[in-house]
Amino acid sequence: QVQLVESGGGSVQAGGSLRLSCAASRPLYSSYCMGWFRQAPGKEREGVATIYTAGVRPYSGTTYYADSVKGRFTISQDNAKNTLYLQMNSLKPEDTAMYYCAADRGMGSVTQCGPGQSRYVYWGQGTQVTVSS
């Protein structure tokens, strides 16, 4: 069983920044895809950003961002620390949500990582982000 532990959430004012971290219990490259998802109260969970974490060229490091966060959020990985990050800048009240880290099994043949949630089988407990206006 893969453990994912998120941290870094909190309360900030609009325009502020936060960096979320996701510590994994196995090397990030053991998954093809990892990502950040969020769920606001009363809304469906949605994909925010994903990254191809496996060391398969030329796909390694390729990313996906939801239109609502493009240019403001950056997903990255630190293989030495087995940690996934989400740098969030220019935060807006509509970014308020519980943010979850997720990873796939790392099986099969994968060339891209989209926001479709069926791929992701390992999930963290989430970290709350609250942005006030």
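Among the residues of region 1-56, those identified as more than 24 Å from Lys92 (Cβ to Cβ), open to solvent by 30 Å² or more (accessible area, probe 1.4 Å) and assigned to a loop (DSSP other than H, G, I, E, B) are Gln1, Gln3, Ser25, Arg26, Pro27, Tyr32, Gly55, Val56.
Per-residue answers, yes or no, for (1) under 19 Å from Thr127 (Cα atoms); (2) in contact with a strand residue (DSSP E or B) (Cβ under 8 Å, 6 or more places away or on another chain):
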position	(1), (2)
Gly9	yes, yes
Gly16	yes, yes
Cys33	no, yes
Asp67	no, no
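Anything in region 86-104 that is over 17 Å from Gly8 (Cβ atoms) and in contact with a Ser or Thr (Cβ under 7 Å, 6 or more places away or on another chain)? List them, or say none.
Result: Pro93, Ala103, Asp104.
Scanning region 109-133 for residues that are over 14 Å from the mean Cα position of the chain (by Cα) and free of Cβ contacts under 8 Å to residues at least 60 places away in the same chain yields Ser109, Thr111, Ser118. Within this structure, Asp78 passes the test of being of a type in the set (D, E, K, R) and under 22 Å from Gly106 (Cβ atoms).
The values are calculated or read from the model by the stated rules, or taken from the named source; none is laboratory data. Everything numeric here is computed off the predicted structure, so don't read it as measured data. As a convention, Cβ positions derive from the backbone with ideal geometry for all residues, glycine included, and neighbour counts pool all protein chains shown. What goes into the accessible areas is simple: the full protein's heavy atoms, side chains included, and nothing from ligands, DNA or RNA. Shrake-Rupley method; radii C 1.70, N 1.55, O 1.52, S 1.80 Å.
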